[in-house]
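Input: a single structure, listed below in C-alpha cells.
The values are calculated or read from the model by the stated rules, or taken from the named source; none is laboratory data. Predicted model only: the values in this text are computed from it and were never measured. Cβ: placed from backbone, ideal geometry, glycine included. Neighbour counts: every protein chain shown. Please note that ligands, DNA and RNA were not included when accessible areas were found on the heavy atoms of the full protein model with its side chains. Shrake-Rupley method; radii C 1.70, N 1.55, O 1.52, S 1.80 Å.
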Amino acid sequence: MNANVQKNCRLQISIVWNVLEDNSPLNFITHVFFSLFLCVINNSLEFNSRNQVGYLPSTLKFQLTERMEEERQSGVISKWLGGLISTMRRLLFTFMSSGPIPQHIAFIMDGNRRFAKKWKLDEGAGHKAGFLSLLSVLKYCYEVGVKYVTVYAFSLDNFNRRPDEVQYVMDIMYEKIQGFLKELDMVNRYGVRVLFIGDLNRLDEPVRLAAEKAMEATAKNTKTYLLVCVAYTSSHEIPRAIYEACQEKSLALASSGKNDDGIVNDDDDDVIKVVDLEKHMYMGVAPDPDILVRSSGETRLSNFLLWQSTNSLLYSPKALWPEMGFWQVVWGILKYQNKCYYLEKKKKQA
Amino acid sequence: MDPVAESQKFFRRISQSSNIMLFLLWHVVHLILSVLYIVREIFRAIENYLITNGYVKTYTNLNLDRVKYLGIVIDSDEARNTSKVVELLEWLSALGVKKLCLYDREGVLKKSKAVFMERFGSTENSVAGPLVSKKRMDFEFVSITDGKEAVAKAANLLFKKYYVDGDSEKPFFTEAHLTDALKTLGAVEPDPDLLLIYGPVRCHLGFPAWRIRYTEMVHMGPLKYKKLGLIMKAIHRFTKVKQNYGS
C-alpha cells in the first residue's frame with residue numbers, strides 16, 4: 001500500500017477528532033465519510049497509487065463521487081447535524097456560565113511530536129495538527145467567556161532542538177501569522193488582541209516582523225486577548241523584569257535628583273518592590289492565569305509562567321495536544337469551578 | 001389583553017425559569033462531581049491498601065536515586081496539624097528520603113521547625129542512638145517570603161551593585177545574576193526533583209518560582225487523607241519519567 005496514501009489516511013482520521021465539533025457540517029461529513037471509506041478501501045484492495053480516488057474500482061469511485069455530490073447539493077442532513085451540535089455546545093456553555101468562568105487560561109501545547117509518532121505521520125504533521133487543535137480550543141474558550149488565553153508556542157529551550165525542526169516551526173508560525181493578517185477584518189470584528197510574549201529578538205527576522213505587525217494591527221481590540229509565548233522562559237522573564245525595574249528606578253531617581261552624590265536611600269528602604277517587578281514582567285499585560293493546562297499528562301511546568309501560577313489550578317489531561325478539544329476545556333473549567341472558592345481565598349490571602 | 005405583551009411576559013417567565021433550571025442543574029452537576037471525588041478517594045484507599053500490603057509488586061523496590069531532593073507543599077491550614085506532618089515525615093524517612101524541602105505559604109511549618117529537627121534532623125541529638133541514624137533527613141523550610149519577596153530583595157541587591165554608581169557598566173541581567181544575588185542573601189538549595197502537593201487543589205501555592213522549572217508536581221490530596229502507597233506510586237512514576245528539557 002502506498003506510504004503517502006497511508007499517511008494521508010491517518011492524518012484524515014486524526015483530524016476528524018478535531019473537526020468533530022466544527023461548525024462546518026459539510027467538512028465534518030466529508031472528513032468522516034472520506035477517511036473511513038478510504039481506509040476500508042485501502043486495506044481491502046491494497047492499491048498502489050498516489051491519487052486517492054483515481055485507481056479505485058470504477059463502481060466504488062462512482063459511488064464515492066455520487067455520495068459527495070449528493071451531500072453538496074442537498075446538505076440538509078449535514079446542516080441539521082451541524083446546527084444541533086452547535087446548539088448543544090452553546091447550551092452546555094450557558095449552563096457552565098451559571099458558575100464562575102475563569103478569566104485567564106494558559107495552555108502548554110505539549111505532545112505534537114508524540115502525536116506524529118503515534119499516527120506514523122511526518123514529524124511536521126504533528127505541529128500542523130496541533131495548530132488545528134489550537135484553533136478549536138481557542139474557539140471554545142472564547143465562546144464560554146474566557147477573556148485571556150495564553151499558549152506556550154515555543155520555549156527558549158526549544159532552540160536546542162534540531163535546526164531543521166526549529167526552522168520548520170518558525171516557518172509554520174510565519175505562515176499562520178501571515179494567514180492571520182489576511183483575516184484582520186474578522187479578527188477585529190471579534191475584538192481579539194494578539195500579543196507575542198518573549199524574547200522576540202531570538203526569532204528569525206521575517207517572523208519577528210510579522211509578529212510585530214500582528215500586534216500593532218490588533219492593538220485596539222479589548223474584548224478578548226490571545227497571548228502567544230514564543231522564545232519565552234520564566235528564567236529569562238524574571239531577570240529581565242529585574243533589569244527593566246532597575247532601569248526604571250535609576251531613571252526616576254536621576255530625574256528627581258536624589259542620587260546626586262551617588263548614594264541611594266538607606267539600606268532599609270528597598271527601592272524595588274514585588275509590584276515593580278510584576279509591572280515589568282512580559283505577562284504584566286494580563287492577570288495571573290486561573291487554570292494552567294498541560295496536555296499529554298506531564299506534570300511539570302517546563303519554565304512556563306512559574307511566577308504567575310502561584311494560585312493557578314494545574315490541570316494535566318492525558319490527551320496529546322492535537323487530541324485536545326472540547327471535553328478537555330469543559331472538564332478543566334468544571335474542575336476550576338469546583339475549587340474556585342479555595343483558590344479565591346488563597347488569592348485574597350496574598 | 002394585548003397578545004404581544006402576553007407572549008412577551010410568557011417568554012420572559014420561561015427564560016427566567018430556564019435560568020433557574022440551569023442554575024439548579026449546575027449545582028446538581030457539581031454535587032455529582034463531589035460524589036465522584038469521594039468515589040475516587042475510595043479507589044485510592046483500596047489502591048493504597050494493595051500497595052502497602054505488597055500485593056502490587058511494581059512498587060516494592062523503589063529507586064530513590066533519582067529523587068535527590070523531594071519537595072512537599074502543604075496547605076497552611078492543614079500544616080497546623082503537626083502530628084499529621086510528623087506522620088508523613090516518618091513515612092518518608094522510612095522510604096529512605098534523605099533531603100527534603102517543606103513549603104507552606106504562611107510559614108506555619110517554619111514555626112514547628114524545632115519539633116521536626118529534633119525528631120528527624122541530621123544535626124546532633126544526644127538522645128538518638130545509632131539505630132535511628134538512618135531516619136535522619138536534611139530539611140529546608142520555605143514559605144512565601146522566600147519566593148517573590150526574596151526575588152525583590154535580590155533585585156535591590158543588584159540595583160545597589162550596578163546602578164548606584166552612575167558610571168558603572170550595567171549588564172543585562174540573566175539567571176546567573178539572579179542566582180548570585182540570591183546566594184548573597186542566603187543559602188541556595190538545589191531545585192526539587194519532585195513536588196508532592198498536599199491540599200485540596202493541585203496548585204503550588206507560591207513555591208519559589210525559579211526553583212520549579214522542571215519539577216514534576218503531583219497532587220496527593222488533603223493531608224488528612226495521606227496514604228503511604230500513593231507516595232510510593234508517585235515516586236515510582238517519577239522514576240519512569242523521561243525529560244527532554246525542551247530539546
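Could you tell me the relative contact order of region A:101-349? Use alpha-carbon pairs under 8 Å, at least six residues apart, and round to a whole percent. Show your work: numbers first, answer last.
Details: 354 pairs, mean separation 70.1, N = 249.
Once normalised by length, the contact order is 28 percent.
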Checklist entry - Once label points are set 7 Å from the Cα along Cα→Cβ at both A:Glu216 and A:Trp327, what is their separation, rounded to one decimal in nm? => result 4.5 nm
Checklist entry - Expressed as a whole number of Å, what is the distance separating the alpha-carbon centroids of region A:94-108 and region A:269-315? => result 18 Å
Checklist entry - Can you list the residues of region B:29-44 with backbone N under 17 Å from a point 7 Å past the Cα of B:Val56, pointing along Cα to Cβ? => result B:39-44
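Which helices, taking whole DSSP H runs in chain B, have alpha carbons extending 24 angstrom or more along the helix axis plus mean Kyte-Doolittle at least -1.0? Don't jump to the answer; show the numbers that get you there.
Details: long enough: B:3-52 (72 Å, 0.66).
Helices meeting the criterion: B:3-52.
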Checklist outcome for this item: Note to self: C-alpha centroids of region A:151-176 and region B:185-247 sit apart, in Å, by 28 Å
Checklist entry - Once the Cβ-Cβ distance between B:Lys98 and A:Asp185 is put in as r, and R0 is 45 Å, what FRET efficiency do you end up with, to the nearest 0.05? => result 0.15
Item to check | When each of B:Lys98/B:Lys227; A:Lys279/B:Lys160; A:Lys118/B:Lys148; B:Lys68/B:Lys224; A:Lys79/A:Lys339 is checked by Cα-Cα distance, pairs over 30 Å | outcome: A:Lys118/B:Lys148; A:Lys79/A:Lys339
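Rounded to the nearest 100 Å², what's the accessible area chains B and A bury against each other, both chains counted, probe 1.4 Å?
Working: alone 15890 and 19300 Å², together 29960 Å².
Adding both sides of the contact gives about 5200 Å².
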Checklist outcome for this item: Dividing the mean separation of Cα pairs under 8 Å (6+ apart) by the residue count of chain B yields a relative contact order in percent of 25 percent
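What is the percent carbon and sulfur in the accessible area of region A:101-349, measuring with a 1.4 Å probe over the protein chains and ignoring ligands? Provide the component values of the computation, followed by the final result.
Numbers: 5520 of 10710 Å².
Percent of accessible area from carbon and sulfur atoms in region A:101-349: 52.
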Checklist entry - Which of A:Lys335/B:Lys226; A:Lys347/B:Lys183; A:Lys213/A:Lys347; A:Lys335/B:Lys9; A:Lys147/A:Lys213; B:Lys111/B:Lys183 have a Cα-Cα distance over 31 Å? => result A:Lys213/A:Lys347; A:Lys335/B:Lys9
Next on the checklist: How many angstrom lie between the Cα centre of region A:179-227 and the Cα centre of region B:48-91?
Outcome noted: 47 Å
Checklist outcome for this item: Accessible-area loss of at least 30 Å² (1.4 Å probe, chain alone to full protein assembly) applies in region A:291-313 to A:Thr299, A:Arg300, A:Leu301, A:Asn303, A:Leu306, A:Trp307, A:Thr310
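Taking only DSSP H segments of four or more residues, each worth -39500 (n - 2.57), what value at 222 nm results for chain B once the sum is divided by all its residues, to the nearest 500 deg cm²/dmol?
Numbers: 8 runs with 119 residues, N = 247.
About -15500 deg cm²/dmol.
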Item to check | For region A:101-349, with +1 on Lys and Arg beta carbons and -1 on Asp and Glu, the positive-most of A:Ser155, A:Val207, A:Ala106 along the dipole | outcome: A:Ala106
Checklist entry - Per the 1.4 Å probe, what fraction of the accessible area of region B:171-247, in percent, lies on carbon and sulfur atoms? => result 53 percent
